[in-house]
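As structure tokens, the structure follows; a few thoughts come after it.
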């Protein structure tokens, strides 16, 4: 067994994990990142998910380092030859031109920039904005990343935890090298769980929640009421995961993938629709018809909405308000071919769309199970097969946007260059909901949900009208901010999607700290939230903020000799942390608060 020792062990080189490492390095604290793939960045990179953000992200809606990363990815595209142009309605250069975000860009660019940011942060005495790799500098995924204070270990899957005699400290985490099968033991003073599934919580027996709470547990407006309250939580009610992939369109060519084994099921599946083919779980309320369709459930008065797909080189029309039609090719487009020069052979630069649509949400099996660490590999395999089936449907049966008599787009071609893969699929699945820490503070819908806070009289606050969504609970121990709707994708318990307004919120320090274990800190999506509020706190910019603040907390504890819980219990120590975070560019409140 190979053994390493460090001050801070970051389990998961995710969006939050990288941000945690940057904080540690900026504050002079040694850390090791243990990542399961050969890319760092999680949602931004290995999972291939362009960032969903908030209306204030260009100004006051994120941390300084996160905003610096977004500026760097724009600058990198321009340095590589992109002709920058402003794409309305975003008012900022959007490299991919996707309408889901103001900064849709290639995952490979995010990965290279994060690699460079870690190296820069690890250099003694160096600080400042996010660096940009020169366009001619090579970057080897999974290659050596070892500096004076930083080491990144790739292809490591967490397999076990070594606890102190009283069970209140995680002394080390054991990993398996996915390439060789060898075991690696990493000892640390502080352990940060930045994994997508809350792996350390399960391995170390840290109190955590899995699934959806009954409404009676936290009195949440959108909590479940359709099972016995004595059960308290339904572990099956986990949001669907998705396995994303990237496509280019080559009209006139045939790139149809072979018919997947379970394609007959998926093309006929109409979740919850009476008389339709069903497979457990069903869906309530029922879907809008077949899952594989351009018509999907919506929270508009009609309860449904149809989005066409208009792949390159065709262009979408205008919507009812005179703006460009919101269609699915440009939904998460990561390469806008029109801003790139032609290739050496004179052919146009390809448009590349990242496919992450609700039609490929996998809810047939839960990814996580009680009393089991890791994930259900059969669920992962099912998610990948469903995505492949959806691609085959798009290629062969999808209704077209034009007058061509035959359905489907056979010219859709899987493209892996931007994802760092050979097959065009992301390196990892997109996991929306992990195990969630039972923390010293648990954020509930009563803290952040617009409708529930209005019902409780919060709209009488003077600042309520400052935003269309009202204001959230003003946690005095704030270590960051964020905003997104409460967005719950369909679940493995057969609950259809929930999408309700959420106020711009704070991240309380108490949500990062366990109730019992003394040296563990949540550094990503596994912080102390409920099933409902996870729908808002799981987004890229929030995960980054959580990781950045977790890394700073570990550094402060290392310097002061305090434990995380002692920082939370002592107002003066909490203020010390808040001053430190402010000096790093972490915003602790919104301007109108």
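In segment 565-578 there is no residue that is under 27 Å from residue 54 (Cβ atoms) and outside any helix (DSSP H, G or I).
Check segment 374-386 and report whether any residue there is touching a helix residue (DSSP H, G or I) at 6+ places or on another chain (Cβ under 6 Å), surrounded by fewer than 23 Cβ atoms within 10 Å (Cβ to Cβ), assigned by TED's automatic domain parsing to the domain that holds residue 270 and assigned to a loop (DSSP other than H, G, I, E, B). Don't jump to the end; show me each part of the working.
Going residue by residue through segment 374-386, those that are touching a helix residue (DSSP H, G or I) at 6+ places or on another chain (Cβ under 6 Å) are 386.
Those left that are additionally surrounded by fewer than 23 Cβ atoms within 10 Å (Cβ to Cβ): none.
No, segment 374-386 has no match at all.
Checked against (1) assigned to a helix (DSSP H, G or I); (2) touching a helix residue (DSSP H, G or I) at 6+ places or on another chain (Cβ under 9 Å), residue 256 meets all criteria but (1). Exactly one residue out of 432, 404, 400, 413 is assigned to a strand (DSSP E or B) and either free of Cβ contacts under 8 Å to residues at least 24 places away in the same chain or surrounded by 17 or more Cβ atoms within 10 Å (Cβ to Cβ) (or both): that is 413.
Taken over segment 205-248, the criterion of being buried (at least 22 other Cβ atoms within 10 Å of the Cβ) and outside any strand (DSSP E or B) is satisfied by 206, 210, 211, 220, 237, 238, 240, 243, 244. Scanning segment 486-525 for residues that are within 14 Å of the chain's Cα centre (by Cα) and not in a strand (DSSP E or B) turns up 489, 523, 524, 525. Entry remark, segment 140-177: residues being surrounded by 14 or more Cβ atoms within 10 Å (Cβ to Cβ), outside any strand (DSSP E or B) and modelled with pLDDT under 95 number 5 in total.
For residue 7, the conditions (1) within 20 Å of residue 584 (Cβ to Cβ); (2) crowded, with 24+ Cβ neighbours inside 10 Å; (3) modelled with pLDDT of 95 or more all hold with the exception of (2).
Among 82, 72, 108, which is the only one that is touching a helix residue (DSSP H, G or I) at 6+ places or on another chain (Cβ under 6 Å), closer than 30 Å to residue 343 by Cα and in a loop (DSSP other than H, G, I, E, B)? Explain how you work it out, then say what you get.
On the way: 72 fails: in a loop (DSSP other than H, G, I, E, B); 108 fails: in a loop (DSSP other than H, G, I, E, B).
Within the list 82, 72, 108, the selection yields 82.
Considering only residues of segment 293-316 that are without any contact (Cβ under 8 Å) to a residue 12 or more places away in the chain and assigned to a loop (DSSP other than H, G, I, E, B), which is nearest to residue 247 (Cα to Cα)? Among those residues, the one meeting the criterion is 315. The residue of segment 53-69 that is surrounded by the most Cβ atoms within 10 Å (Cβ to Cβ), among those that are in a helix (DSSP H, G or I) and touching a residue at least 24 places away in the same chain (Cβ under 8 Å), is 69.
All of (1) at pLDDT below 95; (2) buried (at least 17 other Cβ atoms within 10 Å of the Cβ) hold for residue 134 with one exception: (2).
Among the residues of segment 352-373, what is the count of those that are in contact (Cβ under 8 Å) with a residue 12 or more places away in the chain and in a loop (DSSP other than H, G, I, E, B)? Steps first, please.
In the first step, residues of segment 352-373 are kept if they are in contact (Cβ under 8 Å) with a residue 12 or more places away in the chain; the result is 352-370, 372-373.
Keeping just the survivors that are in a loop (DSSP other than H, G, I, E, B) gives 356-357, 361, 363-370, 372-373.
The total comes to 13.
Scanning segment 439-460 turns up one or more residues that are assigned to a strand (DSSP E or B) and farther than 13 Å from residue 532 by Cβ. When the test is whether a residue is free of Cβ contacts under 8 Å to residues at least 12 places away in the same chain and not in a helix (DSSP H, G or I), residue 421 passes it.
A count restricted to segment 526-554 and to residues that are farther than 14 Å from residue 191 by Cβ, in contact with a helix residue (DSSP H, G or I) (Cβ under 9 Å, 6 or more places away or on another chain) and part of a helix (DSSP H, G or I) stands at 14.
Scanning segment 88-119 for residues that are farther than 27 Å from residue 421 by Cβ and either over 23 Å from the mean Cα position of the chain (by Cα) or at pLDDT 90 or above (or both) gives 88, 89, 91. The one condition from (1) out of contact with any strand residue (DSSP E or B) (no Cβ under 8 Å at 6 or more places or on another chain); (2) at pLDDT 90 or above; (3) more than 19 Å from residue 383 (Cβ to Cβ) that residue 316 does not meet is (1).
Which residue out of 42, 48, 28, 16 is modelled with pLDDT under 95 and assigned by TED's automatic domain parsing to the domain that holds residue 193? Lay out the reasoning, then the answer.
On the way: 42 fails: modelled with pLDDT under 95; 48 fails: modelled with pLDDT under 95; 16 fails: modelled with pLDDT under 95.
Exactly one of 42, 48, 28, 16 is modelled with pLDDT under 95 and assigned by TED's automatic domain parsing to the domain that holds residue 193, namely 28.
Are any of the residues in segment 264-282 touching a helix residue (DSSP H, G or I) at 6+ places or on another chain (Cβ under 7 Å), surrounded by fewer than 17 Cβ atoms within 10 Å (Cβ to Cβ) and not in a loop (DSSP other than H, G, I, E, B)? Within segment 264-282 (the criterion being touching a helix residue (DSSP H, G or I) at 6+ places or on another chain (Cβ under 7 Å), surrounded by fewer than 17 Cβ atoms within 10 Å (Cβ to Cβ) and not in a loop (DSSP other than H, G, I, E, B)), the answer is no, since none of the residues qualifies.
The values are calculated or read from the model by the stated rules, or taken from the named source; none is laboratory data. Just so it is clear, the model here is predicted, and its values are computed rather than measured. Because the Cβ atoms are built from the backbone with ideal geometry, glycine has one as well, and the counts that use them run over all protein chains shown.
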